[in-house]
Amino acid sequence: MRYHNILWDWNGTLIDDAVTSLNCVNDMLTEMNKPLITLEQYYTYVETPIIGFYRHILEENELDFPKISKSFHESYNNRLDETGLAKNAIEVLKTLKDNGAKQYIITATKEESARKLTSDYNVNEYFDGIFGADNTLAESKVERALNFFKADNIDPKDTVFIGDTLHDLETANALGVDCILVTYGHQGREITENSGAVTADSLSEVLNIILDDRAVDFHTHSTFSDGTFTPTELLNHAVEVGLSAIALTDHDSVNGIAEASEASKALDIEFIPGIEFSVADGTEIHIIGLFIDPENEVLLNTIKKTREQRERRMTAIIEKLQAHGFNITREEVEKLAGSDFIGRAHIAHVMMNKGYVKTIREAFDEYIGLNKPCYVEKKEITPEDAITAIRTAGGLAFLAHLHQTKFSNEQLDRLLGELKGYGLNGIEAYYTEYTNEHISEFRALAQKHGLFYSGGSDFHGSMKPTVKLKSGYSDLNIPYSILTTIKRLKSKL
């Protein structure tokens, strides 16, 4: 089982009451002689705090919230026979409890009401805690959830939040936990599926996602760039470590895709053709392409441009190192790389072999990383060039390892807005080096811009010996549901 801490929303998730709630709103509108709203309008208007919902349908002078709340809850109580637990709720809750999960409710419903309802529906035995609102304003769940996390020392990597609205996704992002949104709730299919979140049409599907231990890795490298495993070796290793799907994303190269694809045919693993472009924009920006056509002419021409300029850049870095007293030549870097493709990791490896640094990371941190004395600025292609090439080749484009940009959240916000305009589809929401703070902040930015999730270990073999395929440093574990969500996005484009 993938998660052992299950955070449940109540209304719209465990309780299937979206239509009932719409009817209650329309009861009030009927009393006020105002036009009724449709379910589609209801989905669009729902927001938190709930007073925002009523601003869509009432004039400012009609927003007497205590009166509105009283009217809604009276109508809701009169319509209780219209609603009930979502289909298979008890079976799902029982299965999770039997599998050792701890389950909690975090809801905008008043806590007293939520406790009474769980008792009325005979499900209170399945929950280890209920955290509801202390008033009728249906305000943010985030603070309650954060306080609960701190008090109980919950492991975010072993936790999933299941809800039905963008506010539930916001809460999950604030906690830095995975999220599943059901499509039958208060914001419907279109809004939830366009949010970038993993979605489910039923609680049975939610259960399947939670029980599914399959893992994926969308960021790896082979000997065709700066990895030390051949594509065939990489695919075999992926099966050994238990991956169900893997993407090969060599730097500025698709030359290993044919071999990897052929190797996957004899193995029980899905293969995704990919690429990683390094782009020039005043900092470290890398764009991952997934599901690309490696024979696309625009893509190949873009690769050719990057390779030519990469050659000049690597030569310039070596010359800078020589000027700083390091006895390193391009010939010995190419010999170590085993091909005419060389990158900074190859240069760093030679520096380590010669005793100039103790680790490859030290070479980047002290000499050839961003803003270090022997760094040479990228002048290969722009972010727009990379995204256009990926999308023209039928692929999906994701901004890789956001923390390596060294940007503030405000700068990242502006960057994502710019890249979304070029056709960016998502971000790496899972990555080896991310802290819990990174996860929370980056996923919140993804939600703001309507971007989807990808992620990976950034496996390079012995070039990055502490980074393991599938698990990164230790606990990276990207769920297969992320691949399902990416496939759904691709099918719509």
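Observations
- Dividing the summed -39500 (n - 2.57) terms of all DSSP H runs of n ≥ 4 by the residue count of the chain sets its mean residue ellipticity at 222 nm at -13000 deg cm²/dmol.
- 0 to 90° range, to nearest 10: angle between helix 166-175 axis and the chain longest Cα axis: 50
- Prolate/oblate/rounded label for the range 41-129 (Cα gyration tensor, a/c 1.5): prolate
- Using alpha-carbon coordinates, inclination of helix 297-323 to the longest axis of the chain, degrees: 60
- Here volume of the Cα convex hull per residue in Å³ was computed from the coordinates, and among (i) 149; (ii) 180; (iii) 129 the match is (i).
- For the chain, the longest principal axis of the Cα atoms and the long axis of helix 111-120 meet at an angle of about 80 degrees.
- Taking max minus min of the alpha-carbon positions on each principal axis, the range 228-371 gives extents of 49, 34, 25 Å, largest first.
- Translational D in µm²/s for the range 209-255 (Stokes-Einstein at 25 °C, 0.890 mPa s, Kirkwood Rh from C-alpha pairs): 217
- Over 32 Å between alpha carbons, listed pairs LYS67/LYS94; LYS70/LYS102; LYS305/LYS464; LYS354/LYS406; LYS320/LYS470: LYS67/LYS94; LYS70/LYS102; LYS320/LYS470
- FRET E, pair LEU493, SER140, Förster distance 30 Å, beta-carbon r, rounded to 0.05: 0.35
- Partner aspartates and glutamates whose Cα lies under 13 Å from the Cα of LYS87, excluding those fewer than 8 positions away in the same chain, are identified as ASP16, ASP17, ASP201, GLU205.
- Spatial offset of the range 87-122 relative to the range 242-274 amounts to 42 Å, using the alpha carbon center of each.
- DSSP finds beta bridges in the chain, and of those with both partners inside it, around 30 percent are antiparallel.
- Efficiency of FRET from Cβ geometry, ASP413 and LEU29, R₀ 51 Å, rounded to 0.05: 0.85
- For the pair ASN255 and THR44, label points projected 7 Å from Cα toward Cβ lie 5.2 nm apart.
- Anisotropy class of the range 76-182 from Cα gyration tensor, a/c 1.5 cut: oblate
- Classification of the range 172-287 by its C-alpha gyration tensor yields an oblate form. The axis ratio a/c (a ≥ b ≥ c) is 1.5 or more, and b/c is at least a/b.
- Kirkwood-based shape ratio for the range 366-493, expressed as Rg/Rh from alpha carbons: 0.97
Bear in mind that the values in this text are calculations on the coordinates, not laboratory data. All values reported here derive from a predicted model rather than from experimental measurement. Note that each Cβ is placed from the backbone with ideal geometry, even for glycine, and that neighbours are counted across all protein chains shown.
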